[in-house]
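Worksheet: the structure to be examined is printed underneath.
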Amino acid sequence: MTNANRRNANVRDGVHRQRIDMAGEIIYGANAVREALRAGGIVNRLYLAKDSKVRGVRELVDLAKETAVPFDFIPLAKLNEITGTHEHQGAAASISPVAYAELDDFLAQCPDRAIVLALDKVQHPKNLGMLVRTAVGAGVSAILLSARGGALLDESVVRASAGTVFHIPVIACSKLPAALKKLKDNGFWVYGLDASGSENVFDVRWPERSVLVMGNETKGLSSNVAKACDVMTSIPLARELDSLNVSVAAGIAMFQAAYGRR
C-alpha cells in the first residue's frame, strides 16, 4: 500500500460516508472533511452549506485553496440530498477512489523519455476512463486534469478505465497553463491537438519529452491552454469529417507520439 493509499484508508476509518454514483464517495461532518483535506490528494470537491454556521468553515475554505480543491457553497436542501442526512454539520466532500499524484513528485522521478497527457476540461467520465485506459496502453507516464470544470476521478471513471487508472499517476491541476509551463521548464515540448492545428500529427518529430493536450468534447482547447502549447497539431480526416471523439483522437496521437520517435 502506498503512502497516499494509507492516507486514503486512514481518513475513511470511522467517518460518515455514502456512495454516490456520479460524485464518487461522499464524506460529511466538519472533522472528517478537514482531515480529508489535510491528507491531500483524495478530495475531488468540497461542499459547504450556504450561511453555514459550522465552526471552522474558513479553515475548510483555506485548506481547499491550499490543496487546489474546488469548493461550492450550496443550499442546505442540496447538501441534505448529497449526503442523505441532516447530520452533515454543513460540510461534505467528494472523495476520489484513487489518490491523486503531485506534479513535483512526478517530475522528480520522471524518466528522460516520457509522454504526458493533459486534459483541458474533458467532461464525460466515460471519455476520461477510456482516455486513461488508452494512455496506459500507449505507455504514457502521467495524466494531468483540470481540477475545476472537467471530470475528476470517481467510480464511473474507474469502471470505464477497466481499473487501469490504478496504474498511472493522475495529477489534478488548479491552473493547467501553469502546470504546462512547469513541464516546459523541465524539458517537455507541449503539443495541442485541435482541428485547426497547422501541423499534421503524423509529421511531428516527437521529442524525448512530450505533452499531448486534449480539449473539451464540444469547445476544444480553451484559449489560455492553447496559448501555453508550443505547437498546434491536427489529425487529417477524410470525407469532410470535421472531428473525432476525444478519446479516439487522443489514442491516435498518443500511439503516434510513443512510436513515432523510435
Could you pull out every residue, at least 5 positions away or on a different chain, whose amide H is within less than 5 Å of the one on residue 209? Hs are placed 1.01 Å off N in the peptide plane, and Pro or chain starts have none.
-> 114, 189
Those aspartates and glutamates that a straight Cα-Cα span of less than 19 Å connects to residue 184, excepting residues fewer than 8 apart in one chain = 102, 104, 105, 112, 120, 208, 230
Rounded to the nearest 0.05, FRET efficiency between residue 242 and residue 59 (Cβ-Cβ, R0 45 Å) equals 0.40
Cβ-based net charge around residue 170, under 13 Å, with every Lys or Arg adding one and every Asp or Glu removing one | -2
Positive-end residue, the chain charge dipole about Cα centroid, Cβ charges, pick of 222, 258, 84 = 84
Report, for the range 181-253, the % of DSSP beta bridges that are antiparallel, rounded to 5.
-> 10
Longest principal axis of the chain (C-alpha) makes with the long axis of helix 176-185 (C-alpha) an angle, in degrees to the nearest 10, of 50
Cβ-placed point charges (K, R +1; D, E -1), dipole of the range 39-142 about Cα centre in debye, nearest 20 | 340
Using a cut-off of 15 Å between beta-carbons, work out the net charge of the residues near residue 107 (Lys and Arg +1, Asp and Glu -1, residue 107 not included).
-> -1
The chain - charge dipole about Cα centre, Lys and Arg +1 at Cβ, Asp and Glu -1, debye rounded to 20 = 260
Along the range 109-120, Karplus-curve 3J(HN,Hα) (6.51, -1.76, 1.60; θ = phi - 60°) to the nearest Hz, with x for Gly and Pro, reads 10, 5, x, 5, 9, 8, 10, 10, 9, 10, 10, 9
Is the range 177-262 best put as rounded, prolate or oblate by its Cα gyration tensor, with a ≥ b ≥ c the root eigenvalues, rounded for a/c under 1.5, and otherwise prolate when a/b is larger than b/c, oblate when not?
-> oblate
Hey, can you grab everything whose amide H is under 5 Å from the amide H of residue 118? Only 5+ residues off in sequence or another chain; H modelled, so Pro and N-termini drop out.
-> 144, 212, 213, 214
Give the order of 143, 74, 95 when sorted by the count of other beta carbons within 10 angstrom, beginning with the fewest.
-> 74, 143, 95
Would you be so kind as to identify which of 103, 30, 147 lies farthest towards the positive end of the dipole of the chain, taking Lys and Arg as +1 and Asp and Glu as -1 on Cβ and the Cα centre as origin?
-> 30
Restricting the count to DSSP beta bridges whose residues both fall in the chain, what percent are antiparallel, rounded to a multiple of 5?
-> 35
Computed ³J(HN,Hα) along the range 156-167: with the Karplus parameters 6.51/-1.76/1.60, θ = phi - 60°, integer Hz and x for glycine or proline, the list is 5, 5, 4, 5, 5, 7, 6, x, 5, 4, 7, 10
Placing +1 on each Lys and Arg Cβ and -1 on each Asp and Glu Cβ in the chain, then taking the dipole about the Cα centre, the residue among 241, 197, 213 whose Cα reaches farthest towards the positive end is 213
So how strong a dipole does the range 119-203 carry about its Cα centre when Lys and Arg Cβ are +1 and Asp and Glu Cβ are -1, to the nearest 20 debye?
-> 280
Using θ = phi - 60° and the Karplus relation 6.51 cos²θ - 1.76 cosθ + 1.60, list the HN-Hα couplings for the range 121-132 in order, rounded to whole Hz, with x at every Gly or Pro.
-> 6, 5, 8, 8, x, 5, 4, 4, x, 5, 4, 4
Grab the other residues whose beta carbon is less than 14 angstrom from that of residue 185, score K and R as +1, D and E as -1, and report the net.
-> +2
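Values quoted throughout were computed directly from the atomic coordinates according to the rules given, and no laboratory measurement underlies them. Just so you know, these numbers come straight off a predicted model, no measurement behind them. No Cβ is skipped: glycine too gets one built from the backbone with ideal geometry, and neighbour counts run over all protein chains shown.
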